[in-house]
Every structure is written in structure tokens, then in C-alpha cells.
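Working notes, beginning with the structure itself.
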Amino acid sequence: MESVKKIAILGYGIVGSGVAELFYTNRKQIEKKAGTALDLKYILDIRDFSDSPYKEKFTKSIDDIVNDDEVVAVAECMGGVEPAFTFIMKCLEKGKSVATSNKELVAFKGDILLKTAKNNNCNFFFEASVGGAIPIIRPLHKCLAANRITQITGILNGTTNYILTKMETSGLTFEDALKEAQQLGYAERDPSADILGDDACRKICILSSLVFGKQVYPQYVYTKGIREITLEDISEAKEKGYKIKLIANVKEINEKITVSVSPTLVSTENMLSQVSDVFNAVMIYGNGMDKVMFYGRGAGKLPTASAVLGDIIGSISSDGTVISQYWESSENSDFIESFDLNNYTTLKLKSGKELIILN
Ligand code: HSE
């Protein structure tokens, strides 16, 4: 009889519960694509879920998962650097591949985790950490590998895009729009990471590290969020032919890169201005393909679970081959050019805020 390979989920929050739900909804198809019979054996969470249909699968001990040879791949959906980092290291050191949706972790510890995976002949995947459901990591790493990437510009945070859209289209206050985003499961546990720009910063760090081959840490990135954007700013921008979007950007300047996250006046002629609600979009520029754009749901339970499970399938079907991407640690920030507003075209709004223009 064919043996059934097992997977585990770390963290049963919005994304983790989405991974369980999508796995059982599409199990047959997932097994076919993974090339093996599969089941979910463990869910790690410190909370009690005695009413859950999966109540028998819950454990509070990572060692149950680490020491179980049947478990071949682990979906980490806990968020935060610790204890996720320690738990993932334990799994990788045992040769279990890990797929994560945890952008904070990848932005701070990606280099170490990728190295550990490689040394243990398994994979560390993080497609779900940037852009929710949008396939972006693998296309950048594989399909666009022949290009020298010169710039990445995008909307990488669903919560703030939802807030800005609702403020613009329904005249909702910042607070009410944020409340809705929280109810829809888009926002981080501490939504200040969304509204202050830290979440988008972590995501552009991941894309930058991937493209430029060295860990780009969040502290190297100029980061400004949307907390101070008012309904008046949004309507003034509209009168002048712009939408205000939280734009994450990395581009080459003088053989270095400069990385930023800031509220930006996006011309209504630019496709990024049409990206609304929780949707994200990423525009990538390269010397072969010119430019390509990726678009999709950037947050939410099943869209993010879709990316996590895609990685789980990838790690199981790659069967012992290390196919995950790789980048070096960075000892210093010599390769980062500090952000300078003078390098951009800007416009001062009546409120005194000076915003970059993206045409
Ligand atoms: N809080 C994040 C966002 C979740 O709104 O984009 C997805 O990473």
C-alpha cells in the first residue's frame, strides 16, 4: 500500500486555518500534483480548539512534529520572528521542508533559513510572504532569471490599499476603513505594522534580497506609512489626476540599490492607480523583458493559503532536491544608497505633505 506522507501547520490563525481548509477542499488535486498520498497530521497552536473538526491534530509541542519521520513538509503561519524562527530551524535541521507566509521572519532571517535548508537538503519556500496569492517569488527567481532586474515598484500591503480605496470611494474615515480591513482578516495582529509601512517594507526587503542576492534588512529601507493621510489629501490628489497609494520601490542607482516605502501620488494613467481594495500589484523592470506586472489578492485567508500550499506541493514533488532560492547574508549596507527625496519628482499638498509622483 502506498504510504501517506504527512504535513503539519504551525499556527492556526487566519492563514493556518485557511491552509487546513484549502487542503481538505482540494486534497485529491493536491495529492495528484504532489505525486503522493498526503494528510495533515499536526496543527501546532498554544490555544485550545476543542470544537474544531481537526481537534485530534492539535499539539502544543513542536517536538511532536520535529521528531515524527512521517512529516515531510511544514507550513509555518504563526507570524513574528520568534518562536517561528526557532521552530523552523528545528524542522529544517531534520530535513523537513518549510513553506511560510511570515514576511517578518524572511525579511530578518531569510539568509540563515535558506542556508540551513540547503545544508540539510530540503527547501525553505516563502511565496506567500509577498503579495498573498500572487505568484511573485518563483517567477522572479525562475522565469525572469535571465534578466538584470533594475526596478521593482508595487502595492504590497492589502490593508492599506483597502483603507485608501475606501477613503477615496466611500468617504470612510481612516479608523472605520481599518476596522473593516481587520474584520476581513487582512490586517496584521498589530495593524500598526500595516499602517506605518513596516509590512510593505518587509515585503520589498524580500524581493530586493532575492533579486540583488544579499539580505536587505528592514532598517536599510526608508519607510513611511499612511497614518497621516487624510480625506482632504485624497480629494486634492484626485482633483490633480492622482490616487494616493502606498508604494514600495527598489531600484538601481549608481551600482547600488535604493529601497523605499511611502505614500505616493500615482497618476490615473498608471496601471497601479487601478489596483483597489485588498489587491496588490507588482511591476518588475528588467533589461530583457522590459516590464511585467503581477496582480492579485494580497491578503486574506484562502488567497494566502493558496500560496502556502503551492509551496508545500512544490517541496514534496521536488523530492529531496533543493530548488529554493538563495541569497547571501549582508555584513553592512554598503550596497544600499540612502533614500533622497531630491532624486524624485514630488508635489506638495495643501496639508504640507510632500509626496513622490509616479507617472
Ligand atoms: N497585513 C498584510 C496585508 C497581510 O494587509 O497585506 C498579507 O501579508
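The values are calculated or read from the model by the stated rules, or taken from the named source; none is laboratory data. Just so it is clear, the structure is predicted and the values come from calculations on it, not from any experiment. For neighbour counting, all protein chains shown are included, and Cβ atoms are generated from backbone atoms with ideal geometry for every residue, glycine included. Surface accessibility is based on the protein's heavy atoms, side chains included, excluding ligands, DNA and RNA. Shrake-Rupley method; radii C 1.70, N 1.55, O 1.52, S 1.80 Å.
Observations on the model:
- Residue in the stretch 109-123 that is open to solvent by less than 40 Å² (accessible area, probe 1.4 Å) and under 23 Å from Ala299 (Cα atoms) present: yes
- Phe125 satisfies every condition listed in (1) farther than 30 Å from Gly288 by Cβ; (2) in the same structural domain as Tyr12 (by TED's automatic domain parsing) except (1).
- For the stretch 313-336, a residue qualifies if it is within 25 Å of Ser129 (Cβ to Cβ) and of a type in the set (Asp, Glu), and the qualifying residues are Asp319, Glu328, Glu331.
- Breaking point among (1) among the small types (Gly, Ala, Ser); (2) within 15 Å of the ligand (Cβ to nearest atom); (3) under 28 Å from Lys90 (Cα atoms), for Ala117: (2)
- Residues of the stretch 85-134 satisfying the condition of being among the aromatic types (Phe, Trp, Tyr) and within 17 Å of the chain's Cα centre (by Cα): Phe85, Phe108, Phe124, Phe125, Phe126
- Just one of the listed residues (Pro263, Pro191, Pro218) is within 16 Å of the ligand (Cβ to nearest atom), open to solvent by less than 60 Å² (accessible area, probe 1.4 Å) and without any contact (Cβ under 8 Å) to a residue 40 or more places away in the chain, and it is Pro191.
- Only residues that are open to solvent by less than 20 Å² (accessible area, probe 1.4 Å) and either in a helix (DSSP H, G or I) or hydrophobic (A, V, I, L, M, F, W, C) (or both) were counted in the stretch 163-186, giving 7.
- Test: residue in the stretch 175-188 that is more than 16 Å from the chain's Cα centre (by Cα), in the same structural domain as Ile257 (by TED's automatic domain parsing) and under 29 Å from Arg138 (Cβ atoms): yes
- Among the conditions (1) away from the ligand (no atom under 12 Å from the Cβ); (2) more than 13 Å from the chain's Cα centre (by Cα); (3) closer than 21 Å to Ser306 by Cα; (4) not basic (Lys, Arg), the only one that Thr169 does not satisfy is (3).
- Matching residues, the stretch 276-295, being open to solvent by 10 Å² or more (accessible area, probe 1.4 Å), in a strand (DSSP E or B) and within 16 Å of the ligand (Cβ to nearest atom): Phe279, Phe294, Tyr295
- Filter pass, Ser17 being within 16 Å of Ala307 (Cβ to Cβ) and open to solvent by less than 40 Å² (accessible area, probe 1.4 Å): yes
- Taking first residues from the stretch 87-114 that are acidic (Asp, Glu) and partners that are open to solvent by less than 40 Å² (accessible area, probe 1.4 Å) and part of a helix (DSSP H, G or I), the Cβ contacts under 7 Å between residues at least 6 apart in sequence or on separate chains come to Glu93/Thr116; Glu104/Arg202.
Results for (1) in contact (Cβ under 8 Å) with a residue 40 or more places away in the chain; (2) among the basic types (Lys, Arg), shown as yes or no for each residue.
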| residue | (1), (2) |
| --- | --- |
| Val282 | yes, no |
| Lys291 | no, yes |
| Gly298 | yes, no |
| Lys301 | yes, yes |
| Val308 | yes, no |
| Gly314 | yes, no |
| Ser317 | yes, no |
| Leu349 | yes, no |
